[in-house]
1. Only residues in the range 49-68 that are without any contact (Cβ under 8 Å) to a residue 60 or more places away in the chain and under 9 Å from residue 105 (Cα atoms) count as the first member; pair them with residues that are of a type in the set (A, V, I, L, M, F, W, C) and surrounded by 16 or more Cβ atoms within 10 Å (Cβ to Cβ), Cβ under 7 angstrom, at least 6 apart or cross-chain, and list the lot.
2. Being touching a residue at least 40 places away in the same chain (Cβ under 8 Å), crowded, with 16+ Cβ neighbours inside 10 Å and under 25 Å from residue 55 (Cα atoms), is that true of even one residue in the range 166-181?
3. Among 109, 71, which is out of contact with any Cys (no Cβ under 9 Å at 6 or more places or on another chain) and free of Cβ contacts under 8 Å to residues at least 12 places away in the same chain?
4. For the range 182-200, name all the residues that are crowded, with 23+ Cβ neighbours inside 10 Å and touching a Leu at 6+ places or on another chain (Cβ under 8 Å).
5. Go through the range 61-74 residue by residue and tally those that are at pLDDT 95 or above, over 15 Å from residue 127 (Cβ atoms) and in a loop (DSSP other than H, G, I, E, B).
6. May I ask you to list the residues in the range 131-148 that are in a strand (DSSP E or B) and more than 25 Å from residue 99 (Cβ to Cβ)?
7. Look through 88, 58 and report the one residue that is over 30 Å from residue 171 (Cα atoms) and modelled with pLDDT of 55 or more.
Amino acid sequence: MMQRIERQGMLRPGILHCLILAATLLLGACGPSNTVRLLPPPPLEASLLPTANAARVTVVTFVDRREDITAIGVRRDGTAFETQGNLTEWVTSAMADALAHMGLQVSIAQTVNQARAGTPDYLVTGELQQVWLKETSTMDMSAVMRMDYTLANKEKRVVRDNYSASQSRSGLPSNTMAEKLLQDTLNDMVRPVADKIYRAVRTKK
């Protein structure tokens, strides 16, 4: 009798295989879609208010220099991650916010000529070289971003450099994970650059 009960409690190999397959398909169905939103950076803590004599810095909208401007990454099935947001405006806004957080008077201009018309103390220009999101497994993703940037005053270029950041994330596949991963990678790229620009401005002022 006991032997018969034990056999009834066991799953047949065929049923077990079907359950594993169903779980795999369910995880895939719950995974991120091909369209990923560009989340704004979270509010920065302890922001400094600009003083009347704080340097005026204009950030010019970054130029998109990526090899493929139609995609921001690739999924495991080979299809592309895309976004309906504007990548260059996303990065430019994050840079401006980070500089304003440090107490500088910051504005954004669409072009260098437009920026110069406002006679700022400094111009920040940049080129977006890479934004890439990769789904490496059912529960793992990675992201990398890279940009070139230049800080110039009215006479000459003060700083010219490049910076990159990368992150990886593990968890239940979802759009939220992909969006948060991009957001955090953007922060890791922008904030150190903003700090370097701020120190250069303070030194030159």
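The values are calculated or read from the model by the stated rules, or taken from the named source; none is laboratory data. This structure is a prediction, so every number in the text was calculated from the model and none was measured. Reconstructed Cβ throughout: ideal geometry from the backbone, glycine too, with neighbour counts over all protein chains shown.
1. From residues that are without any contact (Cβ under 8 Å) to a residue 60 or more places away in the chain and under 9 Å from residue 105 (Cα atoms), the pairs are 50/104; 54/104.
2. No, there is no match, as no residue in the range 166-181 is touching a residue at least 40 places away in the same chain (Cβ under 8 Å), crowded, with 16+ Cβ neighbours inside 10 Å and under 25 Å from residue 55 (Cα atoms).
3. 71
4. Scanning the range 182-200 gives 182, 194, 197.
5. 2
6. Passing the criteria: 132, 133, 134, 135, 136, 137, 140, 141, 142.
7. Values: 88 fails: over 30 Å from residue 171 (Cα atoms).
Being over 30 Å from residue 171 (Cα atoms) and modelled with pLDDT of 55 or more holds for just one of 88, 58, which is 58.
One line per residue, one yes/no per condition, for (1) at positive phi; (2) out of contact with any helix residue (DSSP H, G or I) (no Cβ under 6 Å at 6 or more places or on another chain); (3) not hydroxyl-bearing (Ser, Thr, Tyr):
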site	(1), (2), (3)
89	no, yes, yes
93	no, yes, no
99	no, no, yes
103	yes, yes, yes
116	no, yes, yes
120	no, yes, yes
123	no, no, yes
135	no, yes, yes
145	no, no, yes
